[in-house]
Amino acid sequence: MRVVIKVGTSLIAPGGQIDANLLRGMVDQFDLANNEYLIVTSGAIAAGMSGLHMQKRPGNVPRMQACAAVGQSKLMHTYERLFFGKKVVAQLLLSSDDFTSPIRYRNLQNALAELLALDVVPIVNENDSVSVRELEGAFGDNDELSSLLATAVNADWLLLLTNVDGFMVPGGRGRPRLQRVIRKLTPALEKQCSGKSPLGRGGMASKLRAAKLASQAGVHVAIVNGKHPQAIRLALERKIGTYFPPRKGN
């Protein structure tokens, strides 16, 4: 199978510090002998904040660009160490133009196809250091980027790893319950979304939109808690998280 894994800021850099142990646990779950993986990683700005000894997310774009530039190298260094002796990794920094320009989109697809043919694991992130539109939230903390990437490579699965168990809806006695399957995203479901992580730009609303985009393109999608020690395997077996079945042709 071809699997796109999206790792949110709330997981990868809680408090602005890269959680190498969590990432190591994630990589250890990969069935590298049988599946192809692409990773969409957030956390460059948060990691850069740590490297620059900043306590709060910058309030202006140039400072965020600087944080992204510093943090991106820290991110890639971490991934290279985690895959050492297992796979070669490649960095791709993308902007929205890479998906809207037909020529750039074709070039992107060609590059990704060649990397996968060479048994390389692409590590993808927004080009935050130079693309201001992405810093202003064009991709929603990489959620939409991951769905566009999954579509571009004809992925079988998109796993949106976050710090909650999935999409929660009101349950009995005011207690939230996990919505196990969403076959169609309705305005009523979207209205139930609220809250974002302090360092990220996403939130459940952007994950639902990403899931809708990818599932409409024929991709299996799941929103799962990336802190679970077997999150990837159990998500692919549809045992945890919120699952969105593919709807291509519907």
Taking the stretch 66-100, which residues are open to solvent by 40 Å² or more (accessible area, probe 1.4 Å) and within 20 Å of GLU144 (Cβ to Cβ)? GLN91, LEU93, ASP97, THR100
Would you point out which residue out of ILE39, ILE103 is surrounded by fewer than 13 Cβ atoms within 10 Å (Cβ to Cβ) and modelled with pLDDT of 95 or more? ILE103
Taking the stretch 146-173 on its own, how many of its residues are modelled with pLDDT under 95, assigned to a helix (DSSP H, G or I) and open to solvent by less than 70 Å² (accessible area, probe 1.4 Å)? 1
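Return the only residue of LEU178, LEU112 being surrounded by 12 or more Cβ atoms within 10 Å (Cβ to Cβ) and at pLDDT 95 or above. It would help to see each step written out before you state the result.
On the way: LEU178 fails: at pLDDT 95 or above.
Residue meeting the stated conditions: LEU112.
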Some residue of the stretch 46-54 being part of a helix (DSSP H, G or I), touching a residue at least 24 places away in the same chain (Cβ under 8 Å) and at positive phi: no
Lone unmet requirement of (1) buried (at least 17 other Cβ atoms within 10 Å of the Cβ); (2) modelled with pLDDT of 90 or more; (3) touching a Leu at 6+ places or on another chain (Cβ under 8 Å); (4) in a helix (DSSP H, G or I) for ARG24: (1)
Looking only at the stretch 205-229, filter to residues that are assigned to a helix (DSSP H, G or I) and open to solvent by 30 Å² or more (accessible area, probe 1.4 Å); which one of those is modelled with the lowest pLDDT? ALA205
Look at ALA47 and say whether it is in contact with a Leu (Cβ under 8 Å, 6 or more places away or on another chain), surrounded by 15 or more Cβ atoms within 10 Å (Cβ to Cβ), under 29 Å from THR151 (Cβ atoms) and not acidic (Asp, Glu). yes
Could we say that LEU135 is open to solvent by 70 Å² or more (accessible area, probe 1.4 Å), out of contact with any Leu (no Cβ under 6 Å at 6 or more places or on another chain) and either modelled with pLDDT of 95 or more or under 26 Å from GLN91 (Cα atoms) (or both) here? no
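The values are calculated or read from the model by the stated rules, or taken from the named source; none is laboratory data. This is a predicted model, so every value here is computed, not measured. Note that each Cβ is placed from the backbone with ideal geometry, even for glycine, and that neighbours are counted across all protein chains shown. Keep in mind that these areas ignore ligands, DNA and RNA; they rest on the heavy atoms of the full protein, side chains included. Shrake-Rupley method; radii C 1.70, N 1.55, O 1.52, S 1.80 Å.
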